[in-house]
Amino acid sequence: MNKPLFSTKKTPITLSGLFKTSLCALILLITESLATIILCARSIWPDFEYEQIIANANFNPHSIDILNFSPEIKYYLIGGIILYLLLISLCNNRNLIKLSVLFSIVFVWQLRIIPYYYYRNTYTDLYEKYYQAPQITSADFPAQKRNLLLIYMESTENNFSDAELYERNLLPKLTALTQSNPHFDNYQKLYGTDYTKAAFVASQCGIQYIITGGKLETIYNHLKNLTCISDVLSANGYETWFAKSADHHFAYTNIFYQAHNYKNIIDASVLTKGLSTQEIKKNKSSYNGLSDKLLFSHLLNLFQTNQIKEPFLLTTFTVDTHVPGTVLPYNCPKIFGDVRDNILCSDTVVTDFIKEFQQTPYWKNTSIVILGDHPMFKPVAVHSPKEYHRGIYNVFLNTPKDFAYNPQKPYIDLDFAPTFMEILGINLANHSFGLGRSLFSDVPSLITHTDYNLKTAVRQKSKVYENFNQTVPSRFFPYPLGTEINNNNVKSFSVYNETIFEKIFVNGLGLRLEKIPSKDLEIELTFNAMLSAQPQLTIKLNQKDIAEIELEKRPGPQTIKVILPKEKITSTDLNLEFINNNYRSYISQSVNIQKFTLKERE
């Protein structure tokens with residue numbers, strides 16, 4: 001006879017029994033909560049992957065009005081509470097544990113941890129066969145170098161122009177641009193390209209963005225050996241600009257632009273210079289950013305006053321349509337009362353900027369590409385049962401010649417990198433850059449190859465890809481033993497640094513000794529660090545860990561001493577890294593050095 005789901009048999013209440021029941025109820029609460037959260041997240045962002053959680057570990061909940069963005073969350077919350085109360089009132093301890101196991105399985109399965117670890121433990125030879133290393137010289141450039149202006153529109157899809165889906169064309173002015181200029185409609189989504197940071201890497205470097213380890217990147221190893229279009233153009237005389245009103249530290253965008261030769265940076269500190277507190281508050285937008293109108297007004301002023309030298313590469317990102325927690329900027333009319341208002345407003349802001357830019361002397365020699373960085377995480381609610389293909393908006397303006405093109409050519413984000421280069425008149429071997437294939441060529445995108453399942457292969461490990469992340473210190477600075485390095489002269493010994501709150505943060509020093517020491521060396525370091533829940537500092541010497549130090553949970557400077565054994569010092573070049581194991585941003589991974597000395601141990 002089958003046992004009932006729950007028993008009505010009365011048993012004496014004992015302390016031991018009460019403890020067991022409470023423990024089972026707690027386990028059920030934890031596992032059911034995790035299952036509810038993951039199912040709710042999956043309903044909001046159907047395509048999110050486990051790796052995206054790692055990539056966005058610097059998630060700032062204060063910037064998100066999650067209930068406003070996803071009102072269905074409250075229904076999951078209410079349903080989860082009711083289900084929990086029902087189960088603990090009906091089920092015995094054994095069944096509570098069984099249900100906990102079931103909820104755990106749901107959580108792990110929906111989090112997609114299993115496929116992530118499967119692919120990260122299998123190798124592919126995709127890169128060995130198809131990766132085209134960008135080997136571009138000055139001879140490959142045209143005599144008259146063209147400028148390139150890239151406008152990435154946050155989460156902007158080409159189907160937003162379908163009035164049947166959204167009750168009106170949400171991109172009326174951008175749609176007009178596509179009617180008389182090249183554009184591509186057959187977008188194929190690829191793993192490692194479908195969020196802002198990944199789309200940035202894919203479209204400018206021709207590879208997908210994969211995190212190769214459990215820890216996020218530091219500025220020393222962030223795809224440092226990878227050649228991207230900004231590297232090529234900077235090396236050939238281009239002035240490089242990066243402009244974004246949202247937090248550059250989010251998703252480690254700042255590490256990328258510093259490591260890949262973007263020299264002129266426009267951020268919130270630049271945009272708000274001279275503005276009153278009231279004006280700054282008025283210009284607030286999504287994701288703690290500032291309105292696109294403020295950003296493009298600043299850019300337009302730079303062009304109208306001839307502050308940008310030619311040839312140039314300028315990359316800029318909009319933010320008004322970022323989700324979750326979309327904020328309608330003050331200058332945008334409220335029509336629908338939802339994200340469609342932001343899309344309509346962004347359409348106007350970008351096209352108005354283009355019209356004004358066309359009146360400047362730069363226009364004649366500048367190609368402009370406007371493209372959505374990725375499809376919107378949460379699909380915009382449609383008002384029609386018709387089926388439609390989700391893709392990203394894109395249009396190419398003022399290309400130097402009439403390219404032959406097929407708007408229905410299948411493509412992926414990786415194909416933008418060679419396309420950007422070719423519209424500048426640069427000759428590319430096989431019309432290829434990385435894994436990308438130019439859209440203005442007859443070379444098919446790798447997404448159409450039949451000998452590879454590209455969507456699977458890009459998730460696997462690759463020895464070529466791993467080499468992109470190898471730490472290769474680019475410079476070492478002469479250092480006599482015993483010399484004090486402090487926050488005033490630290491820039492003289494560090495390849496990368498950033499000033500925040502008037503303090504210089506670094507996560508490494510490149511020191512060249514006069515000779516290999518015959519004794520152990522000792523580091524004495526006084527520093528400030530941004531602290532996490534379990535603050536820890538890792539110190540590396542030439543890519544190898546030499547110390548892991550638990551930090552005190554208190555503000556203010558801390559002092560440590562670390563021994564460098566002489567047997568580990570095999571070169572006069574010392575690459576010392578100081579990595580604060582706080583995964584929120586580059587700055588919080590770095591330290592603010594108050595005093596550093598390296599001397600022979602007494």
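Going by amide H atoms built from the backbone, whose H comes under 5 Å of the H on Arg601, apart from near neighbours?
For Arg601, the qualifying residues are Asp520, Leu521, Glu522.
Sorting check: for 133-143, 307-317, 485-495, which peptide has the highest mean count of neighbouring beta carbons within 10 Å, and how do the rest follow?
Numbers: 133-143: 13.3, 307-317: 18.9, 485-495: 16.9.
Ranked by mean Cβ neighbours within 10 Å, highest first: 307-317, 485-495, 133-143.
What ³J(HN,Hα) values, in whole Hz, does the Karplus curve 6.51 cos²θ - 1.76 cosθ + 1.60 give for the range 365-376 when θ = phi - 60°, with x put for Gly and Pro?
In residue order, the calculated couplings are 10, 10, 9, 10, 10, 10, 8, x, 6, 6, x, 5 Hz.
Sorted by average packing, counted as other Cβ atoms within 10 angstrom per residue and highest first, what order do 367-373, 185-191 take? Write out the running numbers ahead of the final one.
On the way: 367-373: 22.6, 185-191: 18.7.
Result, highest mean first: 367-373, 185-191.
I need the phi-derived Karplus couplings for the range 513-529: 6.51 cos²θ - 1.76 cosθ + 1.60, θ = phi - 60°, integer Hz, Gly and Pro marked x.
7, 6, 7, 5, x, 9, 10, 4, 9, 10, 9, 10, 10, 10, 8, 10, 9
Quick check: at a probe of 1.4 Å, how many percent of the accessible area of the range 456-552 sits on carbon and sulfur atoms?
46 percent
By accessible area of protein heavy atoms, probe 1.4 Å, what ranking do Ile280, Ile82 get, highest first?
Ile82, Ile280
Over what distance in Å are the Cα centres of the range 443-500 and the range 92-164 separated?
Cα centres, the range 443-500 to the range 92-164: 19 Å.
Collect residues whose amide H, placed 1.01 Å from N in the peptide plane, falls under 5 Å from the amide H of Val458; neighbours closer than 5 in sequence don't count.
Counting only residues 5 or more places away or on other chains, the set is empty.
Put +1 on the Cβ of each Lys and Arg and -1 on the Cβ of each Asp and Glu in the chain; which of Ile30, Pro46, Ser445 then has its Cα farthest toward the positive end of the dipole?
Selected residue: Ile30.
For the range 356-386 and the range 231-294, compute the distance between their C-alpha centroids and round to whole Å.
Cα centroid of the range 356-386 versus Cα centroid of the range 231-294: 18 Å apart.
Going by amide H atoms built from the backbone, whose H comes under 5 Å of the H on Thr240, apart from near neighbours?
Lys263, Asn264, Leu313
In the structure shown, do any of Lys98/Lys461; Lys386/Lys455; Lys364/Lys491; Lys282/Lys355; Lys145/Lys284 have a Cα-Cα gap over 30 Å, and if so which? Walk me through the intermediate numbers first.
Numbers: Lys98/Lys461 36 Å; Lys386/Lys455 27 Å; Lys364/Lys491 40 Å; Lys282/Lys355 25 Å; Lys145/Lys284 37 Å.
Lys98/Lys461; Lys364/Lys491; Lys145/Lys284, as the Cα separations exceed 30 Å there.
Starting from the Cα of Leu300, step 7 Å toward the Cβ, then list every residue of the range 314-352 with an amide N under 11 Å from that point.
Within reach of a label on Leu300, which here means backbone N under 11 Å from a point 7 Å along Cα→Cβ, the range 314-352 contributes 349-352.
Rank these residues by their accessible area, most exposed first, probe 1.4 Å: Arg112, Arg340.
Numbers: Arg112 70, Arg340 15 Å².
Accessible-area ranking of Arg112, Arg340, largest first: Arg112, Arg340.
Would you mind putting 88-97, 568-577 in packing order, based on average other-beta-carbon counts within 10 Å, highest first?
Numbers: 88-97: 15.4, 568-577: 17.1.
Highest mean packing first, the order is 568-577, 88-97.
Near Lys74, which lysines are there with a Cα under 19 Å away, not counting those fewer than 8 places off in the same chain?
List returned: Lys378.
Can you spot the aspartates and glutamates whose alpha carbon is less than 12 Å from Lys568's alpha carbon? Ignore those fewer than 8 places along the same chain.
Asp520, Asp545
Determine the share of the range 359-435's accessible area contributed by carbon and sulfur atoms, expressed in whole percent, with a 1.4 angstrom probe.
52 percent
So how much accessible area does Cys40 have, in Å² to the nearest 10, using a 1.4 Å probe?
Looks like 10 Å² after rounding.
With every protein chain left in place, what is the accessible area per residue of the chain in square angstrom, probe 1.4 Å?
Details: 27460 Å² over 602 residues.
Each residue of the chain exposes 46 Å² on average to a 1.4 Å probe.
The values are calculated or read from the model by the stated rules, or taken from the named source; none is laboratory data. Here the structure is a predicted model, which means the values were calculated and not measured. Every residue, glycine as well, gets a Cβ built from its backbone with ideal geometry; the counts of neighbours run over all protein chains shown. Keep in mind that these areas ignore ligands, DNA and RNA; they rest on the heavy atoms of the full protein, side chains included. Shrake-Rupley method; radii C 1.70, N 1.55, O 1.52, S 1.80 Å.
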